[in-house]
Amino acid sequence: MKRTVLTALALLAAGSAVAQTAPGPTLATIRGRDAVICGAHPGAPGFNVLDSQGVHRGLT
């Protein structure tokens, strides 16, 4: 049991130590836009509804 826990901790530490890559062009585009654009089903209240001006609101 102790060996299994130590192995799991060693694997967790090794996985956490992996170097991360530099941000790509997609992240730069999102940051430049200052918004994340995503889609939602138009008939799902709370996720996507039209306001009085006809603009989609919610998690759109």
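Quick rundown of the values:
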{"read-out": "Residue exposure sequence - VAL36, VAL55 - by fewest surrounding Cβ within 10 Å", "value": "VAL36, VAL55"}
{"read-out": "Amide H contacts under 5 Å for ASN48, placed H, 5+ residues apart", "value": "LEU59"}
{"read-out": "Environment charge at ALA10 (Cβ cut-off 15 Å; Lys +1, Arg +1, Asp -1, Glu -1)", "value": "+2"}
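Readers should treat all values here as calculations from the given coordinates under stated rules, not as data from a laboratory. Keep in mind the model is a prediction, meaning the values are calculated, not measured. Every residue, glycine among them, receives a Cβ derived from its backbone with ideal geometry; neighbour counts consider all protein chains shown.
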